[in-house]
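In what follows, a single structure is set out as structure tokens and then discussed.
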Amino acid sequence: EGMEDGSTTMGVEVLLNCEGIQKRHIDLLRKANVHTIDQVLLMPCRELRQIEGISDKTIEKMKIFVKGQMEQGFQSAKDYADQSKNMIKLQTGSTAIDTLLEGGIETGSITELVGEFRTGKTQLCHTLAVTCQLPLESNGGEGKCLWIDTENTFRPSRVIAIAKRFNLDPERTLDNIMIARAYNSEHQLELLIQATGAMVGHRYSLVIVDSATALFRAEYTGRGELNERQQKLGRFLRILQRLADIFGCAVVVTNQVVTSPDPMAVYTGNVLQPIGGNIMAHASQTRLFLKKARGDTRKMQVFDSPSLPEAEAEYRITDGGVDDLSEDGGGKKGKSRFGKKKDDDDE
């Protein structure tokens, strides 16, 4: 409850208060999937010019009006620090991971989960899709989850089991997760552009893309297509960041790894590298490397972060999602998900 009208961003209809802006301009913006004044502010003018029927003069009026409605420019570092203290962080289901991340997954930024198969990337996403709905006092986000699935790994049965662990109603929990399957990289981008319209008027605390790079990697092969792939991946990630900025939600993306061609990598310990190169590295504020460890133990390492030290934590995947290890190395709740042959949803 309380998730239907929790969005604090203003819709583009506010622009009707600007002299010279008519209802047809609002309709054209919405048709182009521009639904909030935050989007108008953050979008470059050249992107707005691509919307047919809106002149350069009208765009200039919109920009001036929106800038007057929203705070911009410099602020003191102290004010910024005070705002950061109120940042919502989403618990992961593991106190060890939450401690590693100094509270959990940050809202308003992109967190990247990097790792091989069976390290728990998708399982952590399932857990977060539930915990983001918890009350703020339970380290949740009191919001819905929007999930773009590119590898057919979303499983409602996992959400039901995890919801029961956190004493949430399974049906309502599923109802608060909006899921869309992306079938190619262009469709993946289209879904993300449509997401803004779906999120307006609702409280969304989490956006998941599992995986962000798989379709780009499959469709663009060889060095000849690398530049085009990186440009399109870069645009996708910029729009993701825009969503985080506009709605203040957490954005979690999963990423695959590839073996480094550098023969010296085996000596430096960097044998596995994330897909996406510098485009992906610069887009993610926090990069977390998930690894297999002894038995059914998994490890999470802070790979890159502007605020977190390089450290690691151990965790386990149980029927109730991501959880801590017990003192004897076992899970505290439920049976291990990795005591059997790998399924699609074990990733």
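The values are calculated or read from the model by the stated rules, or taken from the named source; none is laboratory data. Just so it is clear, the structure is predicted and the values come from calculations on it, not from any experiment. Glycine also receives a Cβ, built like all others from the backbone with ideal geometry; neighbour counts cover every protein chain displayed. To get the accessible areas, we keep the full protein, side chains included, count just its heavy atoms, and leave off ligands, DNA and RNA. Shrake-Rupley method; radii C 1.70, N 1.55, O 1.52, S 1.80 Å.
Going residue by residue through the stretch 164-172, is there one that turns out to be open to solvent by less than 30 Å² (accessible area, probe 1.4 Å), in a loop (DSSP other than H, G, I, E, B) and within 20 Å of THR318 (Cα to Cα)? Scanning the stretch 164-172 turns up no residue that is open to solvent by less than 30 Å² (accessible area, probe 1.4 Å), in a loop (DSSP other than H, G, I, E, B) and within 20 Å of THR318 (Cα to Cα).
What's the total number of residues in the stretch 108-137 that are hydroxyl-bearing (Ser, Thr, Tyr) and either under 22 Å from LEU168 (Cα atoms) or in a strand (DSSP E or B) (or both)? It would help to see each step written out before you state the result.
Filtering the stretch 108-137 for residues hydroxyl-bearing (Ser, Thr, Tyr) gives 109, 111, 119, 122, 127, 131.
Retained after the next criterion (residues that are either under 22 Å from LEU168 (Cα atoms) or in a strand (DSSP E or B) (or both)): 111, 122, 127, 131.
Summing the residues that are hydroxyl-bearing (Ser, Thr, Tyr) and either under 22 Å from LEU168 (Cα atoms) or in a strand (DSSP E or B) (or both) in the stretch 108-137 gives 4.
Conditions (1) open to solvent by less than 50 Å² (accessible area, probe 1.4 Å); (2) in contact with a strand residue (DSSP E or B) (Cβ under 6 Å, 6 or more places away or on another chain); (3) of a type in the set (A, V, I, L, M, F, W, C); (4) at pLDDT 90 or above, marked per residue:
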residue	(1), (2), (3), (4)
ALA182	yes, yes, yes, yes
HIS187	yes, no, no, yes
LEU192	yes, no, yes, yes
THR196	yes, no, no, no
TYR204	yes, yes, no, yes
ILE208	yes, yes, yes, yes
ARG223	no, no, no, no
LEU226	no, no, yes, no
LEU237	yes, no, yes, yes
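Note on the stretch 210-221: among residues that are without any contact (Cβ under 8 Å) to a residue 60 or more places away in the chain and not in a helix (DSSP H, G or I), the one that is most open to solvent (accessible area, probe 1.4 Å) is THR221. Assess whether LEU42 counts as being modelled with pLDDT of 95 or more, in contact with a Lys or Arg (Cβ under 8 Å, 6 or more places away or on another chain) and surrounded by 12 or more Cβ atoms within 10 Å (Cβ to Cβ). So LEU42 does not fit the description; no. The residues in the stretch 74-132 that are in contact with a strand residue (DSSP E or B) (Cβ under 8 Å, 6 or more places away or on another chain), closer than 21 Å to CYS249 by Cβ and at pLDDT below 90 can be counted, and the count is 1.
Annotation for the stretch 325-340: no member residue is in a strand (DSSP E or B), aromatic (Phe, Trp, Tyr) and either modelled with pLDDT under 95 or touching a helix residue (DSSP H, G or I) at 6+ places or on another chain (Cβ under 6 Å) (or both).
Among the residues of the stretch 55-86, those that are open to solvent by 80 Å² or more (accessible area, probe 1.4 Å) and either within 12 Å of LEU15 (Cα to Cα) or assigned to a helix (DSSP H, G or I) (or both) comprise ASP56, LYS57, GLU60, ILE64, LYS67, GLN69, ALA77, LYS78, TYR80, GLN83, LYS85. Please indicate, with yes or no, whether at least one residue in the stretch 115-122 is free of Cβ contacts under 8 Å to residues at least 60 places away in the same chain, open to solvent by less than 10 Å² (accessible area, probe 1.4 Å) and under 29 Å from GLU190 (Cβ atoms). No, that holds for no residue.
Could you please let me know if GLY197 is touching a helix residue (DSSP H, G or I) at 6+ places or on another chain (Cβ under 6 Å), within 28 Å of THR9 (Cα to Cα) and not aliphatic (A, V, I, L, M)? If you could, list the steps in order and put the result at the bottom.
Working: touching a helix residue (DSSP H, G or I) at 6+ places or on another chain (Cβ under 6 Å): no; within 28 Å of THR9 (Cα to Cα): yes; not aliphatic (A, V, I, L, M): yes.
No; evaluated as a whole, the condition is false for this residue.
Restricting the first member to the stretch 87-111 and to residues that are at positive phi, and the second to residues that are in a strand (DSSP E or B) and modelled with pLDDT of 95 or more, the beta-carbon pairs closer than 8 Å and six or more apart or on different chains are GLY93/GLY321; GLY93/VAL322; GLY93/ASP323; GLU102/LYS89; GLY103/LYS89; GLY104/LYS89; GLY104/LEU90; GLY108/ALA250.
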